[in-house]
Protein chains: 2
Amino acid sequence: MTDANAFDAVLDAIRFTADGLVPAIAQAEGSGEILMMAWMNRDAVVETLTTGRVCYWSRSRGGLWRKGETSGQVQRLKDFRVDCDGDTLLLVVEQDGVACHTGRRSCFYRAWRDGTLEVIQEVETDPSVLYGHQGHSHG
Amino acid sequence: MTDANAFDAVLDAIRFTADGLVPAIAQAEGSGEILMMAWMNRDAVVETLTTGRVCYWSRSRGGLWRKGETSGQVQRLKDFRVDCDGDTLLLVVEQDGVACHTGRRSCFYRAWRDGTLEVIQEVETDPSVLYGHQGHSHG
């Protein structure tokens, strides 16, 4: 049983959107690499702080998204930060494997160079290994 | 004169919200510290890539927000990245002084520790020095 009141201090500090969501940036502990940005609702915040495993809200699926539940690429929470306005979260995480559904470590693998968007990070894990052959977009 | 077409490749890759905005994460070059998250519209993206000085869209003021135009705390663009879905940007920047309007280096200065939100970063610059005594919330 989780005592929901235990999280009042942090939930009160977060300014959720009209849809009840807040953007959360995931940063790798140690390297400092930005892995991804996704959204959380109140339940996702409470579950993440309770379990220490990062849980987002999937806007496309309309449900809690326990990162790694399909792919195995779990994020373990190391630090949970709130910005000055309370409208963005920063999650410092230990990432199992890769964060991106394309099989790359980070979702931010395209960079603006010499007038084009260039791919600057290689695929480390074949997405078909992560998701089977169903073709999930996230997990 | 800027050739707007020169930026078609990047603008086409970005999925702006219905309001015409996209969240942009600012990360300090070198240290990798996450400084802030703010929003850009198409004009802000084009101006940032053209000038090399980061320009956001201020949702509260409803106008372009040339970071540092009031405070002097300019961000120089070092790398501009787009995520897999095109719905978030990552700006690697060289930050003059502090990023946060509270006078702290980063906006993410509150961390969840032992059941409370704890301030983990000191004020480096008195906000009254950054903004005079008018009390701006951002700049």
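Read-outs: derived from the displayed coordinates by stated rules, not from any lab. Since we're looking at a predicted model, the values are computed, not measured. Because the Cβ atoms are built from the backbone with ideal geometry, glycine has one as well, and the counts that use them run over all protein chains shown.
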Packing-based ranking, highest mean first, of A:84-97, A:7-20 given that Cβ atoms within 10 Å are counted: A:84-97, A:7-20
In nanometres, what is the gap between the two model label sites at A:Ile120 and A:Arg59, each 7 Å from Cα along Cα-to-Cβ? 2.4 nm
With a ≥ b ≥ c taken as the square roots of the eigenvalues of the C-alpha gyration tensor of segment A:1-42, please select rounded if a/c is under 1.5 and otherwise prolate if a/b is larger than b/c or oblate if it is not? oblate
The protein assembly as shown: calculated mean residue ellipticity at 222 nm from DSSP helix runs of at least 4, using -39500 (n - 2.57): -4000 deg cm²/dmol
For the pair A:Arg42 and A:Ala18, how long in nm is the line joining their label points, each one 7 Å along Cα→Cβ? 1.9 nm
Ranked packing of A:21-27, A:122-128, most packed first, by mean Cβ within 10 Å: A:21-27, A:122-128
Which one of A:Ser128, A:Gln75, A:Trp65 has its Cα pushed farthest toward the positive end of the charge dipole of segment A:4-131, where Lys and Arg give +1 and Asp and Glu give -1 at the Cβ? A:Ser128
Suppose each label sits 7 Å from its Cα in the direction of the beta carbon; what would the B:Ser128-A:Glu29 distance come out to in nanometres? 4.1 nm
Considering the rotational relationship between chains A and B, which residue of chain A contributes the beta-carbon of minimal distance to the axis, and what is that distance to the nearest Å? A:Gly32, 1
From the backbone phi of segment B:63-74, what are the Karplus-calculated ³J(HN,Hα) couplings (6.51 cos²θ - 1.76 cosθ + 1.60, θ = phi - 60°) in whole Hz, Gly and Pro given as x? x, 5, 10, 7, 3, x, 5, 9, 8, x, 8, 6
Just counting partner chain Cβ atoms within 10 Å, what average do the residues of peptide B:78-91 show around their Cβ? 6
Return the average number of partner chain Cβ atoms within 10 angstrom of each residue Cβ along peptide A:107-117. 6
Computed on Cα atoms, Rg of chain A relative to 2.2 N^0.38 Å comes out at 1.09
Between the alpha-carbon centers of segment B:5-20 and segment A:1-48, tell me the distance in whole angstrom. 28 Å
With the label 7 angstrom out along Cα to Cβ, how close does A:Leu11 come to the same site in each of the other copies, in nm, nearest first? 4.3
Just to compare against my own numbers: the Cα pair-distance distribution for the protein assembly as shown, 5 Å bins, whole % per bin, please. 1, 5, 12, 17, 19, 17, 14, 9, 4, 1, 0, 0, 0
Show me, for segment A:98-114, the HN-Hα J-couplings you get by feeding each phi into the Karplus relation (A = 6.51, B = -1.76, C = 1.60, θ = phi - 60°), rounded to Hz, glycine and proline as x. 10, 8, 8, 5, 7, x, 9, 4, 10, 6, 8, 9, 10, 10, 7, 9, 6
Pairing the Cα long axis of helix A:42-51 with the longest principal axis of chain A, what angle in degrees results, from 0 to 90 and rounded to the nearest 10? 80 degrees
For chain B, build the charge dipole from Cβ charges (+1 Lys, Arg; -1 Asp, Glu) around the Cα centre, then report which of B:Val54, B:Val22, B:Gly97 sits farthest towards its positive end. B:Gly97
